[in-house]
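Encoded as structure tokens, the structure appears first; notes follow it.
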Amino acid sequence: MKLLFVPFSGEALCVMHVFLNALDAADRGQEAGIVFEGASTKLVPVYAAPDNPFHGLYAKAKAQGLVLGACKACSNKMGVLEAVQAEGLELLGEMSGHPSLARFAAEGWQIITV
């Protein structure tokens, strides 16, 4: 099973659970991915800061290749486009500047939005 976690919320605790669940799925041998969408894009530079309490979870998910990218349009709108790019995350925008969830579904991903 391929699980794609797509946080839209800018709520830090909510997105922290995305990291936990994606890491748990990967530990259980499932393919897992995370795509930052909506207000969650503003959390990328927050989690990237080494002094952030959730930095370790973010860094572990990123190191395991679970962070597949971030919405290009929303990263721009939230004022974090350059920070997302600096983190080396792929900017996804094949659907009018946004990631196409239909593409992920066609690739066999089960999409879980938060």
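In straight Cα distance, which aspartates and glutamates are under 18 Å from K60, not counting same-chain residues fewer than 8 positions off? Filter leaves D24, D27, E31, D51, E87, E90.
For region 28-99, the set of trypsin sites (Lys or Arg not before Pro) satisfying both a DSSP loop assignment and a count of at most 10 other C-beta atoms within 10 Å is given as R28. Think of it this way: in the chain, C14 stand alone, with no other Cys Cβ under 4.7 Å. With a/c under 1.5 counting as rounded, go ahead and sort region 2-113 into rounded, prolate or oblate using the C-alpha gyration tensor (a ≥ b ≥ c being the square roots of the eigenvalues; past the cut-off, prolate if a/b is larger than b/c, else oblate). Cα axes put region 2-113 in the oblate bin. Using a cutoff of 8 angstrom between alpha carbon atoms and counting only pairs six or more residues apart, the relative contact order for region 2-113 works out to 30 percent.
Among the GluC sites (Glu not before Pro) in region 3-63, which ones are in a DSSP loop with at most 15 other Cβ atoms within 10 Å of the Cβ? Mind listing them?
The qualifying sites are E11.
Where a number appears in this text, it was derived from the coordinates with a stated rule and is not lab data. A quick note: this is a predicted structure, and the numbers were derived from the prediction, not measured. All Cβ positions, glycine included, derive from the backbone under ideal geometry; neighbour counts span all protein chains shown.
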